[in-house]
Amino acid sequence: MKSLIKFAVLGFLLFFAGWCLLQSVSKAQTTPPKTGASAPAPAAKEQAKPEEEDVVPPVEPNAIFPAVVARVNGKPILGRDLEAMVRRELAPIGNPEWKNLREDYRGQLTLAGLDTLIRNKLLYQKAVASGIKATAAEVQAELQKISKTFKNDAEMNAALASQMTDRASLEKDLYQSLSVTKFMDETVNKKVVVAPEEVTKYYTGHPAEFQHPDVVKTSHILIPPGETAEQDALAKKRAEAVLARVKKGEDFTKLAKEYSIDPSASSGGDVGFNTRESLAPQYGEAAFSLPVGGIQLVKSEYGYHIIKVTDKKKEGLYTLEDVKTQLTAFLKNQKIQAELNKLVNQLRDQGKIEILIPAGQPLNP
């Protein structure tokens, strides 16, 4: 997919408010996935100090919400966090003025954003109460992964600013989201099991979901391009050097984890099966022209890709063996999602949630 060969963090920044929830349910999906799963990040021992939750920053002059829009067991939900979520939803449609939107649409955006922020806050509070917290090393490791996807600090800071946040806020959000992830892993994810017969039953009962056109399975190592012609020439040389090591027989998976900036790096560069149309043009052209086992260096708008073709399939039906791993993960995620919803509902019933704004009403009409 194109999304698998783009810089990871832009998407992370756009949808970070919901990231904690998605990560905590092992990236649950609504359709069976057909690409490789990412490897979990290693844990560290040193514990980080929780960020202060009670500090409420002043309202920006053009803010559309007040400083605090809700409280969850006494802890504030910030208006700027809600506005950031709303702005991200509006970005794909040209960032229309809040005051020009229909009141019912403003209400939908506000309530959806509040619901996500409240769910995340409840889960974070539960994680802390259970004594399960992220460590300083884990937070810094995630920050390093994010910073690597930008060409320099200035670009990263600009991207953060465009999403109404900064490094300090990002670090705080990472601490909270990683804490929830650890909590869910230890209390829910590890306890959910999918039996082989459940996988077989789903596969045989939903044949249409496993039909596919001509597809190719690839792994790749993505080296970022340079900003100038000189820098880009150096980037190409780096990619060629890695390519030479691949051709000499070095382990592709290991090299991908070491050098690739793509999210697939954690799974050794594997981006699974894709159609030609779902890939960047240069990537797709090379992938479909190479034989299985073939390796080629190509450049796209995202950088230099060292592509390795690992399988090809003509139009037809994926076999159970093709999708067993991903389908098992999909069914497990469904069960985890059900457990998560059950837990959040319990936390809502037991906690005190105060909504402090009328949905859809702008602060600055």
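Details
- Scanning segment 67-96 for residues that are touching a Pro at 6+ places or on another chain (Cβ under 9 Å), of a type outside the set (Val, Ile, Thr) and outside any helix (DSSP H, G or I) yields Ala67, Ala70, Leu78.
Condition check ((1) touching a residue at least 12 places away in the same chain (Cβ under 8 Å); (2) part of a loop (DSSP other than H, G, I, E, B); (3) of a type outside the set (A, V, I, L, M, F, W, C); (4) surrounded by 15 or more Cβ atoms within 10 Å (Cβ to Cβ)) across all residues:
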{"site": "Asp104", "(1), (2), (3), (4)": "yes, no, yes, no"}
{"site": "Tyr124", "(1), (2), (3), (4)": "yes, no, yes, yes"}
{"site": "Val128", "(1), (2), (3), (4)": "yes, no, no, yes"}
{"site": "Leu143", "(1), (2), (3), (4)": "yes, no, no, yes"}
{"site": "Ala154", "(1), (2), (3), (4)": "no, no, no, no"}
{"site": "Leu178", "(1), (2), (3), (4)": "yes, no, no, yes"}
{"site": "Glu197", "(1), (2), (3), (4)": "no, no, yes, no"}
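- Put simply, of Phe288, Phe273 the only residue that is closer than 16 Å to Glu209 by Cβ and either outside the structural domain of Asp185 (by TED's automatic domain parsing) or buried (at least 17 other Cβ atoms within 10 Å of the Cβ) (or both) is Phe273.
- Residue within segment 127-139 that is of a type in the set (D, E, K, R) and farther than 27 Å from Phe65 by Cβ present: yes
- Qualifying position, being small (Gly, Ala, Ser), closer than 20 Å to Ala265 by Cβ and modelled with pLDDT under 90, among Ala141, Ala159: Ala159
- Just one of (1) over 19 Å from Val180 (Cβ atoms); (2) in contact with a Phe, Trp or Tyr (Cβ under 8 Å, 6 or more places away or on another chain) fails for Ala134. It is (1).
- Answer residue from segment 280-309, given it is hydroxyl-bearing (Ser, Thr, Tyr) and within 23 Å of the chain's Cα centre (by Cα) and is farthest from Gly226 (Cα to Cα) among those: Tyr283
The values are calculated or read from the model by the stated rules, or taken from the named source; none is laboratory data. The model shown is predicted, which means the values in this text are computed figures rather than measured ones. Neighbour counts run over all protein chains shown; Cβ positions are idealised from the backbone, glycine included.
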